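What follows draws every value from the coordinates through simple rules; no lab data is involved. Every value quoted in this text rests on a predicted model; they were computed, and no experiment measured them. With ideal geometry, Cβ positions are generated from the backbone for all residues, glycine too; neighbour counts draw on all protein chains shown.
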Ligand SMILES: *Cc1c(COP(=O)(O)O)cnc(C)c1O
């Protein structure tokens, strides 16, 4: 039977239920179906609400509790809903007083988290005056590896943004797409070729819930295409206090050929990609409307969701607002974050395609009652810097229709303003990225901060939002800091050996080679980590420029070095896949094997192990092509020293004693010469600074010089490159101006601009 999809206007039948600024409870509530049909003993019923809230993804105690239910299925799935769907020996657990006590405490902590927040400075300052939540749109979200709807940095940043909005108890709602086949899983074959496999998620086993409309039925929204309607089911990922709506077109309401629209991230066919982004932008606005949620500010994280600007204009015009007034109202309440440094990285659609596919949707003339935004006006607003009238440029459209735009690091704002100045828009601000500390700091380190500094990463706001608090890392004894690091390193080594054993066995390596792995990846060996997307500008193979010189470093008898690589290359990026092949070949070459390793299937889990467990985080992109980068921040807050080109965040993050800078700030137009100079500098720093510092030990076998670098890495990043600092800036410089409110300065805290 065909369900009646929720139509526009239906939401007006009842008063909005999603958000009410007069209530002191600022959370946005989204009603859902109950979820998977697993059975819980009544005494442990709280596991249901724990498992369907991604809060566990940044709470180590909650994760440990799930692993106590069934360690094997937890380590296999790393997803509470999957764990609870297995047969479980509940009676044993019910008889275990320690388990029940831990359950009670974790649940109490969760309930306390969910109920709290009114006391947070954000609510004190703006709670009463903000007319609605912040509506945040992004094409991907990385909350946890068990919800594979992200491909890399953009998604992980969006996930960290949402988690932090939850920690700050901001009225906030996310909108995205539910990719049933996600992003590809990577294996590397015995010749070093990257192989792609797409997962097939069982939605009933994911930590998400089906959203109900105001009529109590599962909510489905629709987007009109020229000859048919495209439907999308609405799901909820609840992330602490923040709901994230995820749209899914793989439903029986749609024609077979339309069901795959949201199957995979950034689908390649241009027409289907356009459909995908229409669902995200237009469908996302309609889903919010159907739930009675009225954002006061709309945040476009990247241009993929730019059609939300058009849909909002259309809705205003349909209410009788004149077109230009409607555009102005949309513009004044929208903010936009740009993520790519070069214009080639921005999404464009052929204007004819847009006219044909989206023209009727927005222009009320062709289909009665659906709007009245002439597509030619939109194409005009979406003309790129080259003035090409045959292209719709999603970034240009977003820039022209936003109240403020920001780049993701200071250096990136310089590049972005250079690139986009011809557009006549305002200055692109710099709001440097950050990371969500509770997600990325390893348990041993987190414990150390809590024990010696009284610092709780869940609430770094409470420490005054200033760097000087973190100077107190000096109070952590060397030995304790070193031991916490070594524990995190050991966890990485165990994980990596295990992964490699599987890889080697699959490649048919001899049993002797598998045995070698037992001794490989020694915790005592200075370890470099390099993990990121393999695009050629990231120059992953720079360290192989001089193999003999590298081999001397790796095989030094007293002061050895090892390198762990990980990362995916986009399925369409042949040169990027070539880089993987080269690294793989090096890792198996007689000269380097046993000291160079490449781990498969880089995801948030591999990233966590690596940023928490290596000694040095290497990043050597070709400057200034890295907009920000965030993995180096994740490493630094774990006490891992960065060794990086002064690009992206490191250009402002490096302060001289918290790691090393490769090369300088001049860009050589001759790429070959630049690569050569950077490689020389990289070897020099390793030989003369990194290796000696690491291997110089005191009488307790602790490298005091090194722990000093570790301390400085932590102290200089944990506030400054946190998403908490980042959200303070978004509030003050982007959100409040777009909400028509004056950004106030909470007493005792420096403003973002002063702190920057
Ligand atoms: C943090 C992260 C990224 C982004 O890091 P970069 O420094 O931008 O490369 C990409 N992928 C995963 C899985 C991550 O956790």
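Values computed for the structure shown
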item: Distance histogram for the chain (every C-alpha pair counted, 10 angstrom bins, percent rounded to whole numbers); result: 3, 14, 24, 27, 20, 10, 3, 0, 0
item: Share of pairwise Cα separations in the stretch 462-721, more than 29 Å, in percent; result: 28
item: Largest-first principal axis extents, alpha carbons of the stretch 465-548, Å; result: 53, 33, 28
item: Taking 545, 305, 257 and counting other C-beta atoms within 10 Å, the order from fewest to most; result: 257, 545, 305
item: Helix 307-318 axis, angle to the chain major axis (alpha carbon atoms, nearest 10°); result: 20
item: Label-point separation in nm, residue 699 to residue 64, each point 7 Å along Cα→Cβ; result: 3.5
item: 0 to 90° range, to nearest 10: angle between helix 153-167 axis and the chain longest Cα axis; result: 70
item: Interatomic Cα distance distribution for the stretch 628-697, bins of 10 angstrom, percent; result: 19, 47, 30, 4, 0
item: Within the chain, percent of DSSP bridges classed antiparallel, to nearest 5; result: 35
item: Cβ-derived FRET efficiency at R0 25 Å, residue 271 paired with residue 185, nearest 0.05; result: 0.40
item: Translational D in µm²/s for the stretch 603-756 (Stokes-Einstein at 25 °C, 0.890 mPa s, Kirkwood Rh from C-alpha pairs); result: 142
item: Extended-chain gain in nm, criterion 0.36 nm per residue less alpha-carbon gap, residue 591 and residue 124; result: 161.9 nm
item: Likely footprinting exposure, 395, 220, fewest C-beta neighbours within 10 Å first; result: 220, 395
item: Separation of the residue 421 and residue 559 label points, Cα + 7 Å toward Cβ, nm; result: 4.6
item: Extension gain, residue 388 back to residue 215 (0.36 nm per residue minus Cα-Cα distance, nm); result: 57.7 nm
item: Where only C-alpha atoms are counted, convex hull volume of the stretch 114-253 per residue in Å³; result: 169
item: The stretch 173-273: relative contact order in percent, alpha carbon pairs under 8 Å with at least 6 residues between; result: 29
item: Pair residue 498, residue 452: separation of 7 Å Cα→Cβ label points (nm); result: 2.8
item: C-alpha center-to-center spacing [the stretch 617-694, the stretch 491-564] in angstrom; result: 20
item: Antiparallel content of DSSP bridges confined to the stretch 462-721, in %, to 5; result: 0
item: The chain: angle of helix 60-69 to the longest principal axis, Cα-based, in degrees nearest 10; result: 90
item: Difference of contour (0.36 nm per residue) and Cα-Cα distance, residue 468 to residue 667; result: 68.3 nm
item: Fewest-first ranking of 110, 565, using other Cβ atoms within 10 Å as the exposure measure; result: 110, 565
item: Cβ-derived FRET efficiency at R0 60 Å, residue 89 paired with residue 657, nearest 0.05; result: 0.65
item: Cα centroid of the stretch 149-193 to Cα centroid of the stretch 340-359, whole Å; result: 23
